[in-house]
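Only one structure is covered here, and it is reproduced in the block below.
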């Protein structure tokens, strides 16, 4: 009989423990939100670090939290309880009013440790506790033995007593935990007050030290400012003296330069006066020389230049002739008749010639002849500015044939004959031209000769550059 009662007691204890375990609180989820704690809800630890806020959602009342001590009291907001935990907390044990305690490790929910100023959500499921035996839904049969009924009642009574003892034990644990928390809170308050006093003392010491350092800096700055002021005054005085010295040097230099400029200007003025005097004397001498030149009865000179020569074949109708390039050179003589009128003559070697073609007779002929021209010209001199004069010349000329020849260039009738018989050794004609005299020494002129003394009738255009002695 005793053995039977022992077996019944063990079975009753196992049933109660299983029922109690099935009704223990469990964590549904714990997550870290992206929210920060509102400014008016923040709490800090003794080091001034903002705590983390764990919002616990549970239907039972929380009597305390164990592990890393929370900061301040637990704030109840209906189903949600706010627990402020220090930064770095890794676990916590929550005590309930009507349920067993629940230990929570944050690493089981992918949270290594709590972060400062962050909000976490913790949802806890708390099942209803079974405090008394549930009555049978089926009535007892009249055939059931009375002993079984008695055993069942005893088991239910034992389970109820065991549950009562567990509730009393949990209550005692909560009271003990509350007492520990109060003592811990008082100890922390005392430590906080002591630390506050130390901080105030340290703050006062820092204030006195900062005040002393400020005074020292002020005195040092005043001393440095005074030294800078004295140095600036000294530098200003040195600059003033240096500027005065430089100004005096500049003034002396300017006076010296002004004196040198005045001497140089006087020297240049004297040199200009001497040059002007020399130019005036040269001009006077030149005018005298020019006047003497103008009054010379005979002036000799030389001329040289190119010529364009051709001939008019009077005995052959109207033949086609071309000009040939030649030259002339010789001596001139000018005889003063009146102040602006001269008689010009001279001996001039002049090369002349032509190119002749008669297509009807198939004749091509080239002639070249040399003359010694003797012009007999009347020359009018008109001043045009300064010592320059315009010269107008006109009159006859005589020409002594010095030699020449004509040759056939057609290739049909080769011949080469002398011009001495054609010109009979002599030619004459008219000559006219104009020119400019520069400074009574240089002459540039243009003249045209129209020969009439032979059947070839020479035509000659001459450009002359002359010099008078």
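The values are calculated or read from the model by the stated rules, or taken from the named source; none is laboratory data. None of these values were measured; they are calculated from a predicted model. A quick note on method: Cβ atoms are made from the backbone with ideal geometry, for glycine too, and the neighbour counts reach across all protein chains shown.
Brief remarks on what is shown
- Where strands (runs of 3 or more DSSP E) fall entirely within region 58-118, those with at least 3 residues that are within 18 Å of residue 179 (Cα to Cα), touching a strand residue (DSSP E or B) at 6+ places or on another chain (Cβ under 9 Å) and touching a residue at least 24 places away in the same chain (Cβ under 8 Å) are at 62-67, 91-96.
- Test: residue in region 196-203 that is within 30 Å of residue 65 (Cβ to Cβ) and in contact (Cβ under 8 Å) with a residue 12 or more places away in the chain: no
- So residue 39, is it assigned by TED's automatic domain parsing to the domain that holds residue 164, farther than 30 Å from residue 166 by Cα and surrounded by 13 or more Cβ atoms within 10 Å (Cβ to Cβ): no
- Meets criteria (assigned to a helix (DSSP H, G or I) and at pLDDT 85 or above) for residue 190: yes
Yes/no per residue for (1) over 15 Å from residue 367 (Cα atoms); (2) outside any strand (DSSP E or B); (3) modelled with pLDDT under 85:
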| position | (1), (2), (3) |
| --- | --- |
| 380 | yes, no, no |
| 389 | yes, no, no |
| 398 | yes, no, no |
| 402 | no, no, no |
| 405 | no, no, yes |
| 412 | yes, yes, yes |
| 443 | yes, no, no |
| 455 | no, yes, yes |
